[in-house]
Amino acid sequence: MNKPAQITPTLIATEQSWMEGEAIRQLKHGANLPGMVRAAGLPDLHPGKGIPVGAAFLSKDIIYPHLVGNDIGCGMGLWMSEKSAHSFKLDRSVKKLHGFEQPWDGDSAGELERADLPPDLWPYALGTIGSGNHFAEFQAVQDILSPEVFDDLKLDKRQVYLLVHSGSRGLGESILRRHIDKYKGGGLTEGTEDFDNYITRHDMAVNWGVLNREIIATRFCEALDLKAKRRLDVCHNSVTPHQNGWLHRKGAAPADKGLVMIPGSRGTLSYLVRPKLENADIALHSLAHGAGRKWKRSDAKARLSHKFKVSDLTRTDLGGRVICEDKALIYEEAPQSYKDIGQVMSDLESLDLVDIIASFRPLITYKTRRR
């Protein structure tokens, strides 16, 4: 019997972009799982735990939960506050930002019911950021590249913004673990009970992630006595119906859900973009979700600790402050550990996938305090 033809994934990057060989290998492996139709790697592509981050996979009649990963529903939410950046006091604000590792003391059950979720669905983690690359970051507008669009969106260049990156916390982990325990890396066939059960739990985790980002934003704004309105929220870890199949996104922002915020690192700019739908199919209607890691977490501290003290990393070249009291994490998440966000954005522009509306600079990046 002849072997099925190999699927060659599309790499959404220019020749100037560096891609790690292991990331390419993982992308090709995912592209050739049974039932796969297409795959694409974005400019922020980098290796993950057996699967690449910064990738999209389109399958027919089957889904692969491990391609979505454990942080189902992870995404970015952007809020515009009523506080002017000019009057935002960095050091004073840093002192007020604490206690977010503790459970939220609000009405978790009520908020879950408001989001059409069971009132006992992972309530104690609501409003918490989590570890790894998750963060809450106050930002200011740096440059406006499309003034007409910026104004049409009713954005204000003078105000402080809050970008929240978090997901479904332990809920998503529990959903993936249940699948792995039974199927390991195997897929779920459409029409089966286990398929339907996974999709139901997956969709709950996605909605939980949206609510979590909302409560995180509420907690941070209340700490600084700010009022703010959400301007966008996009999920970059999910599996959704697409072109009569199923589109898996792992660290890939949707290009078919409106505006997208693409952050760099705590020491670089973030970019607000409008996807160009006429070209979106070449990248499976997906975009980079950030800069993408350049170094493994296990390598970051060894590479940087002889050059920088922890205190050196609490301020950025752009004048921002960094709150991260985990000594390993502050090195792991250092700007040097990430790819060049400027190159990522250049790739997306060169391939005519986005219009950049504005750039934002970090004011305060919150990772974690000691409990």
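Quick rundown of the values:
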quantity	calculated
Cα-based equivalent ellipsoid of segment 140-211: semi-axis lengths in Å, sorted from largest, via gyration tensor	41, 14, 11
Cα-based helix-to-principal-axis angle, 193-223 vs the chain, degrees rounded to 10	10
Degrees, to the nearest 10: 341-350 long Cα axis against longest axis of the chain	50
For segment 10-368, the spread of Cα positions along each principal axis, largest first, Å	55, 50, 47
Value at 222 nm in deg cm²/dmol, rounded to 500, when DSSP H runs of n ≥ 4 in the chain each add -39,500 (n - 2.57)	-8500 deg cm²/dmol
Rg/Rg_globular for segment 269-364, with Rg_globular taken as 2.2 N^0.38 Å and Rg from C-alpha atoms	1.28
When each of LYS276/LYS339; LYS182/LYS276; LYS184/LYS276; LYS96/LYS257 is checked by Cα-Cα distance, pairs over 30 Å	LYS182/LYS276; LYS184/LYS276; LYS96/LYS257
Antiparallel bridge percentage (DSSP; both residues within the chain; nearest 5)	90
Percent antiparallel among DSSP beta bridges (both partners in segment 1-88, rounded to 5)	75
Hypothetical label at ARG178: residues of segment 60-97 whose amide nitrogen lies under 20 Å (7 Å Cα-Cβ projection)	62-74
Estimated D of segment 199-296 in µm² per second, where Rh is the Kirkwood radius over Cα pairs and Stokes-Einstein applies at 10 °C, 1.306 mPa s	104
Spin-label model distance (nm) - ASN244 vs ASP151, 7 Å beyond Cα toward Cβ	4.6
Links that overshoot a 30 Å alpha carbon limit, given the list LYS229/LYS294; LYS89/LYS327; LYS60/LYS367; LYS89/LYS367; LYS250/LYS367	LYS229/LYS294; LYS60/LYS367
Angle between the chain longest axis and helix 169-183 axis [Cα atoms, degrees, rounded to 10]	20
Proximal aspartates and glutamates relative to LYS154, as straight alpha-carbon distance under 19 Å, when same-chain residues fewer than 8 apart are discounted	GLU82, ASP143, ASP233, ASP355
Around ARG92: net Lys/Arg minus Asp/Glu count, Cβ-Cβ under 12 Å	+2
Förster radius 41 Å - calculated FRET efficiency between THR192 and GLU82, Cβ distance, rounded to 0.05	0.25
Neighbour net charge for SER270 - beta-carbon separation under 9 angstrom, K R +1, D E -1	0
Under Karplus coefficients 6.51, -1.76 and 1.60, residue-wise ³J(HN,Hα) of segment 254-263 in Hz, glycine/proline x	x, 9, 10, 10, x, 4, 10, 9, 10, x
Estimated FRET transfer efficiency when R0 is 30 angstrom, pair ALA302-ARG370 (beta carbons, to 0.05)	0.80
Candidates ASN212, ASN237, ASN279, ranked by Gaussian network fluctuation over the chain, Cα under 10 Å, top entry	ASN279
Under 13 Å, Cβ to Cβ, from PRO362 - net charge with Lys/Arg +1 and Asp/Glu -1	+2
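Values quoted throughout were computed directly from the atomic coordinates according to the rules given, and no laboratory measurement underlies them. What you see is a predicted model; the values in this text were computed from it and never measured. Glycine gets a Cβ as well: all are built from the backbone with ideal geometry, and neighbour counts include every protein chain shown.
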